[in-house]
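Below is one structure, written out as structure tokens; comments come after it.
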Amino acid sequence: MKNKAPFILLTPGLILLIVFMFLPLVTIIWPTFYDGKLTFGSYLSFFQDNYNLSVFWRTLRVSLIVTLICILLGVPTAYYIARTSKKWRGLMMAMSLFPLLTNSVIRSFAWINILGTNGVINDFLMKLGIITEPIKMLYTDSAIVVGSVYLFLPLMIITLVGVIENIDLEMVEAAETLGANRLTAFMKVVLPLSLPGIIVGSILVFSGTLSAYTTPQLLGGNQNMMLSTFLYQNAMTLGNWQSAGVIALIMIVTTIIVMKLFNMIAAKFDKRGGEHA
Amino acid sequence: MTYVDLKDIRVSYDGKNNILKDLNLSIEKGELVSLLGPSGCGKTTTLRVIAGLIEPNDGDFVVDNKNLTRVPVHKRNFGMVFQSYALFPHLTVKENVGFGLKLRKEDKTTMNPKIQDILEVTGLAELGDRYPKQLSGGQRQRVALARALVIEPKLLLLDEPLSNLDAKLRVQMRIEIKRIQRKLGITSVFVTHDQEECFSISDRVAVMNNGIIEQFDTPEEIYNRPKTEFVARFIGFENFFNLTKQGEKTYTTSEGHMLKTSQSWDDTKLVATIRPDDINILPKGTEQDTNMIPGKVVVRTFLGKSYQYEVETNVGKILVNGPKETAYSSGEELLLQFPEEKLILV
């Protein structure tokens, strides 16, 4: 403790976090463990209920699928953007970030108009005579997936563009002189070196999808609850703050565990010697 | 026998300015040829055309009687060492070196001995399991070389491979590269802007300027007999003055001093050049003869092994190096003698 200055600099932020984040969290979560005595009862009963479990698994499944789709769509897009000339790169970045600039309620309503029973897609397919009855697309898991991908893809792209821009183009050329065609060079050089970006992007997309409220509420409806909408229902509609606290902690722990897992996968693939020469 | 042939190669990025202008270059099998020139002269572009990383707008590129102009990079089987080394940071030394072999679907049993061999040739045998980050600059350079050589390439291309090393290591590595190149007998093209490096390593040197080759010769020939003023200036000639032809191997300066030369050119007006080291200084009072021009010392600089004088003469300022035993002071008058075999006409 020779130098106290850094701690002094930290204080304002720390106070803000403790008062407005940590304390409220404790006051919500503490009652879920304390019922006259210390107990895990609320958690055990949460996971014994089939409905609760279905919401939990849906949330995990949807979040993972969204993350996967964002990786598949984001990596090639980011590679393309990172490799275009500076002149166009700014414009392309602006275009891919555009969805972030609009309100998430408006964005979700747009998807309601597209996916709904009388929406654009059903209308189109029926007019073409491909289908006679509208397909149910809105208020399904898939609708949540589509809405969330649209919402979070920009985060994946900006993270990856930054990482891919820093990959020395000579490495790709070196791979090509050694006999790799464009695709092989991409798979064997660019992709492994983009891994840190893919991990960061995945964590952003995953935790974003897991905790998003508006999109699952508007596109999933009440039949396809996610943890966030379920939490809201418990707290605001049912006034059951005990269950809301349980769900809140489950969401936090799930996010942390999945982040850890992503990092472990990354470490397994990315073993390029830690020490610096 | 010509092995590599560049015929009338033209490269232009914008359709207006040519980076390479109808460049011709023929390289023989087993030769190490350097492309020497200042930055922006087109030497790296030439190398990239050879590698297949740039497709020329016009012209043909032939290796071993096969036209490779439109053959993509990954099918050419040339080894290339990049200025930044471009090692794959996520792979070990062995995996980096084995990258090309693996792409050729080689079996582990044939691949591993090849990797081991080349690691030994390049002095990396102990470092196979390290990652590039854990290596020094010189070691990374060797890995880049080993990776390019292990695929048994038809051509080895080196793009300023030594410019990121410190001076001592640079000298060591260029000897090493030469040794390995000789040992494997591999035809090589070496790009550099450092003339000492280039002269020490090359069988022949192509001096480039503005997208053309000004002179393609042995290092000795280029050093002793530069053919153009650009080449002369680039390799350290400092003194240039105009001459008018009087007769066979006899010229006069603008002030009428008679100079004899060992070369003879047909032009009536040309430029003569000579290195500061090759001029003899004679004290004032020596009898005036041909190939002598009087002058007055303006500045004297101590160079360690000699003195350098800036001498004002009626053909302009001349730089002369004189022995450190006799120091002429500024303002002193003297006679400069230009030995006829050292006087170069360009």
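The values are calculated or read from the model by the stated rules, or taken from the named source; none is laboratory data. What you are looking at is a predicted structure, and each value in this text was computed from that prediction instead of being measured. With ideal geometry, Cβ positions are generated from the backbone for all residues, glycine too; neighbour counts draw on all protein chains shown. We work out accessible area using only protein heavy atoms, side chains counted, and drop any ligands, DNA or RNA first. Shrake-Rupley method; radii C 1.70, N 1.55, O 1.52, S 1.80 Å.
The set of residues in the range B:48-59 that are more than 23 Å from B:Met1 (Cα to Cα) and away from chain A (no Cβ under 13 Å) comprises B:Glu55, B:Pro56, B:Asn57, B:Asp58.
Look at the range B:219-236: where a residue is closer than 13 Å to B:Phe199 by Cβ and touching a residue at least 40 places away in the same chain (Cβ under 8 Å) and a partner is open to solvent by 40 Å² or more (accessible area, probe 1.4 Å) and aromatic (Phe, Trp, Tyr), sitting 6+ places away or on another chain with Cβ atoms under 8 Å, you get B:Ile235/B:Tyr223. Among the candidates A:Thr39, A:Thr59, the residue that is more than 27 Å from the chain's Cα centre (by Cα) and hydroxyl-bearing (Ser, Thr, Tyr) is uniquely A:Thr39.
From B:Thr268, B:Thr252, B:Thr261, grab the single residue that is of a type outside the set (A, V, I, L, M, F, W, C) and open to solvent by less than 10 Å² (accessible area, probe 1.4 Å). Please lay out each step first, then the result.
Values: B:Thr268 fails: open to solvent by less than 10 Å² (accessible area, probe 1.4 Å); B:Thr252 fails: open to solvent by less than 10 Å² (accessible area, probe 1.4 Å).
Being of a type outside the set (A, V, I, L, M, F, W, C) and open to solvent by less than 10 Å² (accessible area, probe 1.4 Å) holds for just one of B:Thr268, B:Thr252, B:Thr261, which is B:Thr261.
Among the residues of the range A:226-247, the ones that are touching a Pro at 6+ places or on another chain (Cβ under 7 Å) and surrounded by fewer than 17 Cβ atoms within 10 Å (Cβ to Cβ) come to 1 in all. Can you spot a residue in the range A:156-170 that is at negative phi, within 20 Å of the chain's Cα centre (by Cα) and hydroxyl-bearing (Ser, Thr, Tyr)? Yes, the conditions are met somewhere in the range A:156-170.
Criterion first (under 27 Å from B:Gln246 (Cβ atoms), modelled with pLDDT of 90 or more and not small (Gly, Ala, Ser)) does B:Glu312 satisfy it?
Values: under 27 Å from B:Gln246 (Cβ atoms): yes; modelled with pLDDT of 90 or more: yes; not small (Gly, Ala, Ser): yes.
Judged against the criteria, B:Glu312 is a match.
Do we find a residue being open to solvent by less than 10 Å² (accessible area, probe 1.4 Å), in contact (Cβ under 8 Å) with a residue 12 or more places away in the chain and assigned to a strand (DSSP E or B) anywhere in the range B:174-188?
The initial filter retains those residues of the range B:174-188 that are open to solvent by less than 10 Å² (accessible area, probe 1.4 Å), namely B:177, B:180-181, B:187-188.
With in contact (Cβ under 8 Å) with a residue 12 or more places away in the chain added as a condition, the list becomes B:177, B:180-181, B:187-188.
Those still in the list that are assigned to a strand (DSSP E or B) too: B:188.
Yes, some residue in the range B:174-188 is open to solvent by less than 10 Å² (accessible area, probe 1.4 Å), in contact (Cβ under 8 Å) with a residue 12 or more places away in the chain and assigned to a strand (DSSP E or B).
Of the residues in the range A:131-154, at least one is closer than 28 Å to A:Phe269 by Cα, open to solvent by 30 Å² or more (accessible area, probe 1.4 Å) and away from chain B (no Cβ under 14 Å). Of everything in the range A:185-213, what is open to solvent by 40 Å² or more (accessible area, probe 1.4 Å) and assigned to a helix (DSSP H, G or I)? Give them in sequence order. Scanning the range A:185-213 gives A:Met187, A:Lys188, A:Leu191, A:Pro196, A:Val200, A:Leu204, A:Ser211.
Of all residues in the range B:29-60, exactly one satisfies the criterion of being acidic (Asp, Glu) and closer than 17 Å to B:Leu158 by Cα, namely B:Glu31.
Among the strands (runs of 3 or more DSSP E) confined to the range B:239-327, the ones with at least 2 residues that are more than 21 Å from B:Ile222 (Cα to Cα) and assigned by TED's automatic domain parsing to the domain that holds B:Phe338 are located at B:239-247, B:250-253, B:258-260, B:280-283, B:292-302, B:306-313, B:316-323. Annotation note: of A:Ala212, A:Ala175, A:Ala180, the sole residue that is touching a residue at least 12 places away in the same chain (Cβ under 8 Å), facing chain B (nearest Cβ under 8 Å) and not aromatic (Phe, Trp, Tyr) is A:Ala175.
Exactly one residue out of B:Gly59, B:Gly79, B:Gly98 is under 22 Å from B:Ile9 (Cβ atoms) and crowded, with 21+ Cβ neighbours inside 10 Å, and it is B:Gly79.
Is there a residue being loosely packed, with under 14 Cβ neighbours inside 10 Å, at pLDDT 90 or above, within 14 Å of B:Leu336 (Cβ to Cβ) and not polar (S, T, N, Q) anywhere in the range B:296-309? Yes, there is a match, as at least one residue in the range B:296-309 is loosely packed, with under 14 Cβ neighbours inside 10 Å, at pLDDT 90 or above, within 14 Å of B:Leu336 (Cβ to Cβ) and not polar (S, T, N, Q).
In the range B:145-169, of all residues being part of a loop (DSSP other than H, G, I, E, B) and charged (D, E, K, R), the one that is farthest from B:Asp64 (Cα to Cα) corresponds to B:Asp166.
Kindly indicate which of A:Gln223, A:Gln217 is loosely packed, with under 14 Cβ neighbours inside 10 Å, out of contact with any Leu (no Cβ under 6 Å at 6 or more places or on another chain), more than 14 Å from chain B (Cβ to nearest Cβ) and not basic (Lys, Arg).
Details: A:Gln217 fails: loosely packed, with under 14 Cβ neighbours inside 10 Å.
Only one candidate passes the filter, namely A:Gln223.
Looking across the range A:208-251, the residues that are polar (S, T, N, Q) and either within 17 Å of A:Leu53 (Cβ to Cβ) or at pLDDT 95 or above (or both) come down to A:Thr209, A:Gln223, A:Asn224, A:Ser228, A:Thr229, A:Gln233, A:Asn234, A:Ser243.
Among the residues of the range A:99-130, those identified as open to solvent by less than 80 Å² (accessible area, probe 1.4 Å) and hydroxyl-bearing (Ser, Thr, Tyr) are A:Thr102, A:Ser104, A:Ser108. Hey, does the range B:211-227 have a residue that's buried (at least 20 other Cβ atoms within 10 Å of the Cβ) and among the small types (Gly, Ala, Ser)? Yes, the conditions are met somewhere in the range B:211-227.
Restricting attention to the range B:66-76, and to residues there that are more than 7 Å from chain A (Cβ to nearest Cβ) and without any contact (Cβ under 8 Å) to a residue 40 or more places away in the chain, which single residue is surrounded by the most Cβ atoms within 10 Å (Cβ to Cβ)? Explain how you work it out, then say what you get.
Filtering the range B:66-76 down to residues more than 7 Å from chain A (Cβ to nearest Cβ) leaves B:66-72, B:75-76.
Filter once more, keeping what is without any contact (Cβ under 8 Å) to a residue 40 or more places away in the chain: B:66-72, B:75.
Numbers: B:Lys66: 9, B:Asn67: 12, B:Leu68: 20, B:Thr69: 16, B:Arg70: 10, B:Val71: 14, B:Pro72: 13, B:Lys75: 11.
Checked the range B:66-76; the qualifying residue surrounded by the most Cβ atoms within 10 Å (Cβ to Cβ) is B:Leu68.
Residues that are open to solvent by 10 Å² or more (accessible area, probe 1.4 Å) and within 14 Å of chain B (Cβ to nearest Cβ) do occur in the range A:252-267.
Rundown of residues vs (1) more than 14 Å from chain A (Cβ to nearest Cβ); (2) at pLDDT below 95, yes/no style:
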| residue | (1), (2) |
| --- | --- |
| B:Thr46 | yes, no |
| B:Phe61 | yes, no |
| B:Phe78 | no, no |
| B:Lys105 | no, yes |
| B:Thr110 | yes, yes |
| B:Asp117 | yes, yes |
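Per the conditions (1) surrounded by fewer than 21 Cβ atoms within 10 Å (Cβ to Cβ); (2) over 10 Å from the mean Cα position of the chain (by Cα); (3) assigned to a helix (DSSP H, G or I), the sole criterion not satisfied by B:Ser200 is (2). When A:Asn113 is tested against (1) closer than 17 Å to A:Leu160 by Cα; (2) at pLDDT 90 or above, only condition (1) is not met. A:Ile71 - would you say it is open to solvent by 20 Å² or more (accessible area, probe 1.4 Å), in a helix (DSSP H, G or I) and within 28 Å of A:Phe186 (Cα to Cα)? Here the answer is yes, as A:Ile71 does meet what is asked.
For B:Glu325, state whether it is open to solvent by 70 Å² or more (accessible area, probe 1.4 Å) and modelled with pLDDT under 90.
Spelling it out, B:Glu325 is indeed open to solvent by 70 Å² or more (accessible area, probe 1.4 Å) and modelled with pLDDT under 90.
Selection over the range B:210-223 of residues that are modelled with pLDDT of 95 or more and among the polar types (S, T, N, Q) gives a count of 2.
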